[in-house]
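I have placed the structure first, in the form of structure tokens, so that the comments after it can refer back to it.
Values quoted throughout were computed directly from the atomic coordinates according to the rules given, and no laboratory measurement underlies them. These figures come from a predicted structure and were not determined experimentally. Here Cβ is always computed from backbone atoms with ideal geometry, including for glycine, and neighbour counts include all displayed protein chains.
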Amino acid sequence: MTPTLRLNLEKIRENTRNIARRCVKSGIHLAGVTKGLCGSPEAAFAMVEGGCGSLCDSRARNIRRLKDAGVAVPLYLLRIPMLSELEEVLDLADGTLISMIETLEHLEFLCGQHRREFQILLMVDLGDLREGIWPDEVERFAEALLRCRWVHCVGVGANFGCFGGVLPTPQNMACLVAVKRKLESLFSSPLQFTSGGGTSSLQLLEEGAMPPEVNHLRVGEAILLGCDVTRNRCIPWLHRDAVRFEAEIIELRRKPSVPIGTIGADAFGNTPVFRDRGLRLRAILAAGRQDVTPEGLLPIQEGAHILGASSDHLLLDVEEMIPVPKLGDVLSFEMSYGAMLAASTSPYVSKRFE
Ligand SMILES: *Cc1c(COP(=O)(O)O)cnc(C)c1O
């Protein structure tokens, strides 16, 4: 069996439903983020059935997959677009995030040519230092937006925990709300959405600390993995095993826990360190760094521990597994977002649904 990403669509649906329920209570539109699974249409349908009112993906190519599969909700490009892909994005998506005036102007020009209306969500940088205008650029951006006839600004949005690891708080959310109010006064018309981030913002909802003006969230990790990496927590009311990684045992042998000989560097230039635990039962799985990020895997079966990995081999200590595993057995792992991304995009990993 090739390494496999096993997706439990029912659990993805349930995770979405549980998040959507909390969002609805606070008047929040839930946008599902599909980039973690390369815009998988199956996962997308589960998100829509679970209550996502729209879907977002960072790649035009993934949005094309969603559109071709007949996903019925509005589709948004999540990464601010390249100038060179605007024409394609216009053809595929209902809207995009944006942060550059030049991109806006080029988009407006193309929309005019095609006589096509298009939505943008203006990204504001609240300190995480990835994309977004600086709050004091609002006037200049508003002027550019007022010159647009085909492009409509539907709201403002912010990111947290993407580059700087900045956490969402009532204070920085208030800053986003202030930018939105400023824009509304410059436009003399209300904006539909204040998009307060992704998974890491769910905790504010749970604590009742979300400012009432925030009415849109773009959630991926919590739906697919039930975790919040930015806050380093598992979300107790969500499934953590909706997406699992699986690989097959190709060698099973008792070996010393410390290598024999003079230690240089491993295949990736790191000098490994070992603790002598005597002879241990070790399994080699047919998966490696070409398939997944081993550091982001957590064995589901009790008694299995990851020792390391090279390009094509994943090494586990299975001394304490009960029952003792056999050659050809398949072991399963919960995954981090990074590991899921790596597995999703590896041509060696197949996706299976249950
Ligand atoms: C990936 C991404 C999200 C989703 O974040 P999660 O932590 O997976 O919920 C939201 N917004 C933007 C701009 C993103 O790039």
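Descriptive notes on the structure:
- Ranked Val324, Val33, Val73, criterion: other C-beta atoms within 10 Å, fewest first: Val324, Val73, Val33
- All Cα pairs of region 3-98, percent lying beyond 15 Å: 58 percent
- Helix 41-50 axis versus longest C-alpha principal axis of the chain: approximately 70°, rounded to the nearest ten.
- When you filter the chymotrypsin sites (Phe, Trp or Tyr not before Pro) in region 124-196 for DSSP loop state and at most 15 other Cβ atoms inside 10 Å of their Cβ, you are left with Phe163.
- What the phi angles of region 149-161 give under the Karplus curve with 6.51, -1.76 and 1.60, with θ = phi - 60°, is a coupling list of 10, 9, 8, 10, 7, 9, x, 10, x, 9, 10, 9, x Hz, glycine and proline written as x.
- When DSSP beta bridges are restricted to pairs lying wholly in the chain, around 50% turn out antiparallel.
- Helix axis angle, 101-114 relative to the chain longest principal axis, alpha carbon, degrees: 70 degrees
- Divide the volume of the convex hull around the Cα atoms of the chain by the residue count and you get 151 Å³ per residue.
- Each residue of region 170-183 was assigned a 3J(HN,Hα) from its phi angle through the Karplus curve 6.51 cos²θ - 1.76 cosθ + 1.60 (θ = phi - 60°); the sequence is x, 5, 6, 5, 4, 5, 5, 4, 5, 5, 4, 4, 4, 4 Hz, with glycine and proline shown as x.
- Whole-number percent relative contact order across the chain, with pairs defined as alpha carbons under 8 Å at least 6 apart: 19 percent
- Long-range amide H partners of Arg280 with built H, under 5 Å: Lys255, Ser257
- Residue with peak Gaussian network fluctuation, the chain [Cα springs, cutoff 10 Å], from Pro211, Pro81, Pro259: Pro259
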